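Read the structure below first, then the notes.
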Amino acid sequence: ASSAPVIAFVHQTITCSSHLHAMIHALLLSTLLASAGALRPRTVIVTGATGKTGQAVVRELLKDDQTTIRCFVRNETKAKEVLPEHPRVRIGPVDLEDPENVEQRTLDGDADAVVWCATGLASDGSTLIDQISLPTLAKALPKVSRDAPPNCVMLSSAAVTRPGW
């Protein structure tokens with residue numbers, strides 16, 4: 001078994017909410033939850049949890065009563081307004097532009113898996129934070145075999161803005 005993190009990149013243009021729901025449902029149930037299937041209870045980090053995709057992921061994860069969700073957000077006030085108030089939802093500020101902050105916040109609590117729903121661009125509009133912080137998150141997670149489903153999933157529209165992917 002390899003000790004390298006396993007990351008899945010999901011690129012799909014989403015044209016309506018039914019496609020979003022179907023993609024999230026299939027992705028989470030077949031990939032993410034399968035990857036942590038032996039880990040009960042489990043904790044999943046969701047970056048970008050205040051966005052539309054992130055909110056949908058949080059709601060989907062709450063359907064599994066064995067899953068705790070750690071929401072990594074920029075704006076705690078917005079998070080408290082848009083995310084469900086639930087004992088298994090934990091909200092915490094994380095600066096995704098700072099890999100050291102990402103690593104520290106990841107290691108500050110349990111985490112079995114990550115769903116990356118955050119924007120791919122930093123505040124300067126050009127730095128690709130997903131390429132900086134997503135690998136940092138993946139390295140901080142428990143190691144899985146290369147043959148296992150991924151424990152770090154990028155659920156993003158980045159392929160729309162980066163057609164060369």
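Things to note:
- Residue in the stretch 24-45 that is in contact with a helix residue (DSSP H, G or I) (Cβ under 6 Å, 6 or more places away or on another chain), among the hydroxyl-bearing types (S, T, Y), at pLDDT 60 or above and part of a strand (DSSP E or B) present: no
- Residues satisfying the stated conditions in the stretch 51-60, i.e. open to solvent by less than 30 Å² (accessible area, probe 1.4 Å) and either touching a helix residue (DSSP H, G or I) at 6+ places or on another chain (Cβ under 7 Å) or β-branched (V, I, T) (or both): A56, V57, V58, E60
- In the stretch 74-153, counting only helices (runs of 4 or more DSSP H) that sit wholly within it, the ones holding 2 or more residues that are modelled with pLDDT under 85 and open to solvent by 30 Å² or more (accessible area, probe 1.4 Å) span 129-140.
The values are calculated or read from the model by the stated rules, or taken from the named source; none is laboratory data. Computed from a predicted structure; not experimentally measured. For neighbour counting, all protein chains shown are included, and Cβ atoms are generated from backbone atoms with ideal geometry for every residue, glycine included. To get the accessible areas, we keep the full protein, side chains included, count just its heavy atoms, and leave off ligands, DNA and RNA. Shrake-Rupley method; radii C 1.70, N 1.55, O 1.52, S 1.80 Å.
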